[in-house]
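The values are calculated or read from the model by the stated rules, or taken from the named source; none is laboratory data. What you see is a predicted model; the values in this text were computed from it and never measured. Cβ placement follows ideal geometry from the backbone for every residue including glycine, while neighbour counts extend to all protein chains displayed.
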Amino acid sequence: MNDQATDQQKTDWLRDSVLATELDTAEIATLALAMGSERLASQDWLVIEGDPRRTLFVLVAGRLDVLHRHDGVDSTVYRMSPGECAGTRAFVDGSPRKAGLRAAHECVVLTLEPDDFEALLAEHPMLVLKVMRALFRITHSNLMRANQESHELRNYVTRSHGRY
């Protein structure tokens, strides 16, 4: 279900996100103006795996489950907390979604479309640069978390000689 939050609400929500880490107050307000918002009921899908939608999402209230489908079964691989972003890869390179996003509880997300973000480039190049750095940090953090989980699983399997 769509929900049009006020510009002030979007600014307040964005301020507490990882996307706004480097942004000053004016930059946060400018970015918030370029963003939309969506409210989801519990168990509503935001996107499904393979979806071509390039939107960047910032979870601002509630919880989102990141799900991966294997053999027709959706498995939760991560539960997002408010302030976290999803969809960085699709947003930057246009690739289809590698995972689905479903509301674990009622939640609110801010949305940013690539065209709306790119429109900021002419008048707000430093804002765009700071957001791109934030996207890099988010992607790097996700990669490091996945590597750590893979390492822990490898250690578990090795120590138990393949017996789980």
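When segment 77-128 is filtered for residues that are over 11 Å from the mean Cα position of the chain (by Cα), of a type in the set (Val, Ile, Thr) and farther than 17 Å from residue 40 by Cβ, the ones remaining, listed by number, are 77, 92, 128. Screening segment 1-19 for residues that are of a type in the set (A, V, I, L, M, F, W, C) and assigned to a loop (DSSP other than H, G, I, E, B) and picking the one that is surrounded by the fewest Cβ atoms within 10 Å (Cβ to Cβ) gives 1. Checking the stated criteria, residue 34 turns out to be surrounded by 15 or more Cβ atoms within 10 Å (Cβ to Cβ) and modelled with pLDDT of 95 or more. Selection of segment 20-31 for residues being acidic (Asp, Glu) and buried (at least 16 other Cβ atoms within 10 Å of the Cβ) yields only 27. Among the residues of segment 41-69, just one is surrounded by 14 or more Cβ atoms within 10 Å (Cβ to Cβ), free of Cβ contacts under 8 Å to residues at least 40 places away in the same chain and over 18 Å from residue 81 (Cβ atoms), namely 68. Going by the conditions given, is residue 133 touching a residue at least 60 places away in the same chain (Cβ under 8 Å), of a type outside the set (Val, Ile, Thr), out of contact with any helix residue (DSSP H, G or I) (no Cβ under 9 Å at 6 or more places or on another chain) and under 24 Å from residue 29 (Cβ atoms)? Judged against the criteria, residue 133 is a match.
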